[in-house]
Every structure is written in structure tokens, then in C-alpha cells.
Amino acid sequence: MKHATKLSLLASFLLLVASSFVTYQASALQLNPLSVIVKPTGGGARQTFKVTNESNKPIAVQFSVTTRQQINNKEVRRPADRDFMIYPPQTIIPPRTTQKVRIEWLGKKAVPKELAYRLIAKQVYVSLEKQKQTGISMLMTLVGALYVQPNNTKSNVQVRAVQRHGNKLAVTLSNNGTRHQLMNYATLTLRNSSKVINIKGKGLIGIEGNNVLAGATKRFFINLPHGFVNGRWTGTIKYPR
């Protein structure tokens, strides 16, 4: 029994150390901004983002781009480095230093709607110190949003379905527009015959702050609103564009 207790205490201690280490590492590398918009033509096809090393040691970073699709409530990514030029593609950032990285669209100039990508900054292991060190080596990966956005695009998010799901309400949203939409400060209106329920703020936790890409359909779950009864409901959603 005492042996089991000692093992449990040891496991808890190791978990605490690992958690502290991960927290430190996660804050060592910063990407700014986390969302970048480039244009398919003109000067806007080139943009710059910054990567900051807030640690006391140099960090080697490699950059890449993937496509980004929302399919069956999952994000699907595929390599897309040929669509962009990133300079430098990899770099070593000195301690307490910020470095600029340039990204340029190389794809088609005629883009009918916004294209969504992921910008990935991944720490790679490079032996930068002569003295060997022991311990756990955990590498960081930062993921940002990257959009190729032609002019005159706009979102058009609509409620496709509303259905009770246990003690939750499943709300399916479709973005039939040509630009992504962050669902911030939204108001969901439900209707069942003459009964109307308006939901916003904390009532939309589960939808609020989420992103619906152009052409995507996503299913969200929120708490059952006060006054909800089983039946056939329809819904509309309003949000600042």
C-alpha cells in the first residue's frame, strides 16, 4: 500500500514538472498576428508577420502552409507550400528577439471566394550548444490563420437545422457566403409556431467566438434555452459583419 502511495506521489510530481515545463515552452515562442490576410493580386499579395523568441536560448523555427477545410466538424489540412513563398523558410531566432517573416501568394490571381489556409511555425531541433544536456526536449508548434481574400467578399451564415440533443441544443450553421465569419456578438432567434426565443451572450457559449469558413457547414452545441420545448423549430442568426 505504501509502495503504491509513493508511486502515486511520484507520478503527480512528474506531471507537475511536465506541466510547468510545457507552460514555459508554450509561452517562449509568439506569432503575431495570429491571423493574416493576403490579396490574390497587387501589393496586398505580400504580407509580413513577426515571430518572437521570449526565451533565454536561441530557437530554430521552420515555416509551412497547409490548406484548411471544415469537413464533418473536423479541420482537414493538406500541404500547400507551393501556393506561397515564405522568406526565410527557416530561421534561428536569438534569445529575446523578434524576427520578421514575409509571405507572398503565388497562386491564381482570379480567386472567386476567400481561400483559407493554416500558417505553421514549428520549432525544429538543432544542437546550438557544445555542452550536452540531459532531460526532456519538447518542441513547439504555433498555428495561425491565413486567408487569401479577394475584394467584395462577404459572409452569409444561416441556420440550417435546430435539434434537441439530450440536454443540449444542436445548431447547424452554413456559411453560403464568400468570406469566413467569426461568430462574435451573435443573436440566435428560434421560432416554433408563435413561440419565439432569442439567445445571445452566455446562452450562445459553444457558438460564440467560433469560425465558420466560406462554404462550410458546422454543427454546434449550446445549452437548452429557457422556455424550450420539444417540437419543430427553425432559426435565424444575426451577427456584426
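Computed from backbone phi with θ = phi - 60° and the Karplus coefficients 6.51, -1.76 and 1.60, the 3J(HN,Hα) list for segment 217-232 is 10, 9, 10, 10, 10, 10, 5, 4, x, 4, x, 6, 10, 5, x, 9 Hz; x is used for glycine and proline.
Here His226 and Ala161 are evaluated by their C-beta separation; at R0 = 22 Å the FRET efficiency comes out at 0.55. In plain terms, the bigger the Kirkwood radius, the slower the diffusion; for segment 85-241, with that radius from Cα pairs, at 4 °C and 1.567 mPa s, Stokes-Einstein puts D at 67 µm²/s. Once C-alpha pairs closer than 8 Å and six or more residues apart are averaged by separation and normalised to the residue number of segment 157-238, the relative contact order reads 41 percent.
Mean silhouette area of segment 157-238, derived from the convex hull of its C-alpha atoms and averaged over all directions, reads 4.8 nm².
The phi torsions of segment 162-175, fed into the Karplus equation with coefficients 6.51, -1.76 and 1.60 and a -60° offset, translate into couplings of 9, 8, 5, 9, x, 9, 10, 10, 8, 10, 9, 10, 10, 9 Hz, rounded to whole numbers, with Gly and Pro shown as x.
Note on Gln62/Thr153: beta-carbon distance plugged into 1/(1 + (r/R0)^6) with R0 of 22 Å gives a FRET efficiency of 0.10. Distant-in-sequence amide contacts of Leu29, defined by a placed amide H-H separation under 5 Å and a gap of 5 or more residues or a different chain, comprise Glu54. Over all other residues within a Cβ to Cβ distance under 10 Å of Phe49, the charged ones net out to +3, with Lys and Arg as +1 and Asp and Glu as -1. A simple count of charges around Thr236, restricted to other residues whose Cβ falls under 13 Å of its Cβ and scoring Lys, Arg +1 and Asp, Glu -1, yields +4.
Readers should treat all values here as calculations from the given coordinates under stated rules, not as data from a laboratory. Keep in mind that what you see is a predicted model, and the values were worked out from it rather than measured. Using ideal geometry, Cβ is built from the backbone for each residue, glycine included, and neighbour counts are taken over all protein chains shown.
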